[in-house]
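The structure appears below as structure tokens.
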Amino acid sequence: MSDMDPIVGNWYRDLESHACFEVVAFDEDARTVEVQFQEGEVEEIELDAWYELVLEGIEAPDDWAGAFDDVDGEDLGYSDLPTGDGRDRDDPFRALD
């Protein structure tokens with residue numbers, strides 16, 4: 001059993017499943033904790049179930065952005081950036097000629 005309160009932004013390791021996750025939301029009224037696992041999956045846990053877990057607080061893993069490994073640069077809007085040799089950026093008034 002855990003006596004650790006869920007704190008948004010903190011990372012924890014479940015000592016039974018060895019899963020690492022971050023608390024991303026805590027709703028006191030609904031008595032739920034929303035966690036995001038290191039691999040990206042999001043899960044909602046009832047507060048009573050939270051206190052049944054065997055947890056330890058941990059630092060954010062070095063590869064915590066692993067959930068975003070499959071995001072393509074185009075999905076982030078990088079394809080909208082100018083391409084080429086950069087000459088168009090040398091003269092901002094070129095388009096006015």
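Throughout, read-outs are computed from the coordinates displayed, never taken from laboratory work. Every value quoted in this text rests on a predicted model; they were computed, and no experiment measured them. Note that each Cβ is placed from the backbone with ideal geometry, even for glycine, and that neighbours are counted across all protein chains shown.
Observations on the structure shown:
- Using the Cβ-Cβ distance between residue 32 and residue 60 with R0 set to 22 Å, the FRET efficiency works out to roughly 0.50.
- Residues whose amide H comes within less than 5 Å of that of residue 58, counting only those at least five positions distant or on another chain, are 11, 12, 13 (H built at 1.01 Å from N in the peptide plane).
- Exposure proxy ranking, count of Cβ atoms within 10 Å, fewest first, for 31, 13: 31, 13
- Over all distinct Cα-Cα pairs of region 1-41, the Kirkwood formula returns a hydrodynamic radius of 10.7 Å.
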